[in-house]
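J.: Provided herewith is a single structure, encoded as C-alpha cells, for subsequent inquiry.
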Amino acid sequence: MVMMRRVAMVLSMVIFGWVYQITHPPPPKICGRPGGPPVTGPRIKLRDGRHLAYTEYGLPKDVAKFKLIFIHGFTSCRYDRVVTFPPEVYQELGVHIVSFDRPGYGESDPDPNRTPESLAMDVEELADQLGLGSKLAGAGMIAPVVNYWWPGFPSNLSTEAYYFQLPQDQWTLRVAHYAPWLTYWWNTQNWFPASAVAAGRAEVFSSQDLEIIANEEISDEGQLRAYPMQQGNFESLHRDMMVGFGRWEFDPMDMEINPIPDGGGSVHLWHGEEDQMVPVTLQRYIAKKLPWVKYHELPGKGHMFPLIPEISQSMIKALLYDEN
C-alpha cells in the first residue's frame, strides 16, 4: 500500500510537471538583454520601467499642422505600410506621424499585465514624452477586431458573427476567452489546427486581399515578417488573443455619448464590406448603436484595404480634416 502511494505521488508529480511545461511559454527574448535582439531605434522608458520603441514619419513635429499616433494591428509593427508614404504626401497632409511597437512586438518590452486600458495609458505617456500635445482631437479605427463577448452585442448577432469564422479560429478564441492559461499550448500543439488568422491561411482573406498580399510580398524582402514577433509569439500574438478576447474592464457599447467633449474632434471607423476575417455585421451594429462614430463601409473591399495607398491616404485626410 505504501509503495502504491509513492508510485501514485511520483506519477502525479510527473504529470503536473508535464502539464506545467506544455502550458507555460518560454520567457521572451527581450530586446537589449543577453540572448535577445538588439535595439536598433529610439525608445522611451515608461513609468513602470518598460521600453516602448517608436518611429517618426512625415514633417518635423514643430512645423506639422497635425500630429498622429498610429497603433498597428495583429502580426504587424511600427513599420506598418499603412503610414509609410512618399515625402510629398506628408507635406500635402501637413502631418507628423508617430508609429510604435505595441508591448511584446518588435523592440517594445513585453507587458505581462497588459489590458485594453494599459495600452491607452502607454499611448498617452508616449505622446507626453514626445511633446505631441495634451488634447485628443480624434481617433480612427481601421477594420478593428471586436470582442464577441461584449455584453452590449445582441446575443444572436454576436453568435452569428462568431460562427462566421473558420472552426479552428472559433476554438482559438474560445480558449483565449474561457481558458487563457491554455492559449500558449493551444497555439503550439500539433493535435488540432490553431489560429488560421495567425497562420495567414488563404481562407481568411478575400480575393482582393490575396492580390494585395501578393504584391506586398514582392516588395517585402522578408525583414518585416520576422521583426514583429522576434521576442516570441506569446507576448505578441498570444497576448493579443488573451487581451482582445478576454474579459474587458468596460463594454464599449455603453459609450453612447461622444468621449471627445464639446465637439472637439471625431471618431471614424472604416471597414471592408467583404472582410472575411472580421464580420462587417458587428461594425454595422456599432455604427447604429453609437451614432457619434462616423462609419465608412468600403464596398468590394476585404480586410487588407488599408495597404492600398490611395485608401490609406484618404483615411488619414478624413481623420485630420474631419471629412465624411
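The values are calculated or read from the model by the stated rules, or taken from the named source; none is laboratory data. The model shown is predicted, which means the values in this text are computed figures rather than measured ones. In this analysis, Cβ positions are derived from the backbone assuming ideal geometry, glycine residues included, and neighbour counts consider all displayed protein chains. In case anyone asks, the SASA skips ligands and DNA or RNA and just uses the protein heavy atoms, side chains included. Shrake-Rupley method; radii C 1.70, N 1.55, O 1.52, S 1.80 Å.
J.: When the residues of segment 154-187 are filtered to those that are over 24 Å from Pro252 (Cβ atoms) and out of contact with any Phe, Trp or Tyr (no Cβ under 9 Å at 6 or more places or on another chain), which remaining residue is most open to solvent (accessible area, probe 1.4 Å)?
T.: Ranking the qualifying residues of segment 154-187, first place goes to Trp181.
J.: Another question, if that's okay. Conditions first: (1) closer than 26 Å to Gly272 by Cβ; (2) crowded, with 20+ Cβ neighbours inside 10 Å; (3) modelled with pLDDT of 95 or more. Gly244 passes all but one, so which condition is the exception?
T.: (2)
J.: Now for a separate question. Across segment 125-153, which residue is least open to solvent (accessible area, probe 1.4 Å) among those that are charged (D, E, K, R) and farther than 17 Å from Val267 by Cα?
T.: Glu125
J.: Of Ala202, Ala176, which residue is in contact with a Ser or Thr (Cβ under 8 Å, 6 or more places away or on another chain), among the hydrophobic types (A, V, I, L, M, F, W, C) and over 26 Å from Ala139 (Cα atoms)?
T.: Exactly one of Ala202, Ala176 is in contact with a Ser or Thr (Cβ under 8 Å, 6 or more places away or on another chain), among the hydrophobic types (A, V, I, L, M, F, W, C) and over 26 Å from Ala139 (Cα atoms), namely Ala176.
J.: Hey, another quick one. What strands (runs of 3 or more DSSP E) completely inside segment 23-88 contain at least 2 residues that are out of contact with any Pro (no Cβ under 6 Å at 6 or more places or on another chain) and within 30 Å of Ala318 (Cβ to Cβ)?
T.: 51-58, 66-71
J.: OK, next. For a quick check of your reading of the model, give me the residue pairs whose first member lies in segment 132-158 and is more than 28 Å from Tyr178 (Cβ to Cβ), whose second is of a type outside the set (D, E, K, R) and in a loop (DSSP other than H, G, I, E, B), with beta-carbon atoms closer than 6 Å and at least 6 apart or on different chains.
T.: Once the first residue is more than 28 Å from Tyr178 (Cβ to Cβ) and sits in segment 132-158, its partners that are of a type outside the set (D, E, K, R) and in a loop (DSSP other than H, G, I, E, B) give Ala137/Gly265; Gly138/Gly265.
J.: Starting from segment 240-254, keep only residues that are within 10 Å of Gly152 (Cα to Cα), then list their pairs with residues that are polar (S, T, N, Q) whose Cβ atoms are within a distance under 7 Å, requiring at least 6 positions of separation or different chains.
T.: none
J.: Does segment 239-275 hold any residues that are under 29 Å from Ile212 (Cα atoms) and among the β-branched types (Val, Ile, Thr), and which are they?
T.: Correct list: Val243, Val267.
J.: Those residues that are in a loop (DSSP other than H, G, I, E, B), of a type in the set (S, T, N, Q) and surrounded by fewer than 20 Cβ atoms within 10 Å (Cβ to Cβ), I need them from segment 89-118; list them, please.
T.: Asn113, Thr115
J.: For residues that are modelled with pLDDT of 95 or more and touching a Phe, Trp or Tyr at 6+ places or on another chain (Cβ under 7 Å), scanning just segment 247-281, find the one that is farthest from Leu307 (Cα to Cα).
T.: Selected residue: Leu269.
Condition check ((1) modelled with pLDDT of 95 or more; (2) more than 14 Å from Asp240 (Cβ to Cβ)) across all residues:
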site: Val145; (1), (2): no, no
site: Tyr148; (1), (2): yes, yes
site: Phe164; (1), (2): no, yes
site: Thr172; (1), (2): yes, no
site: His177; (1), (2): yes, no
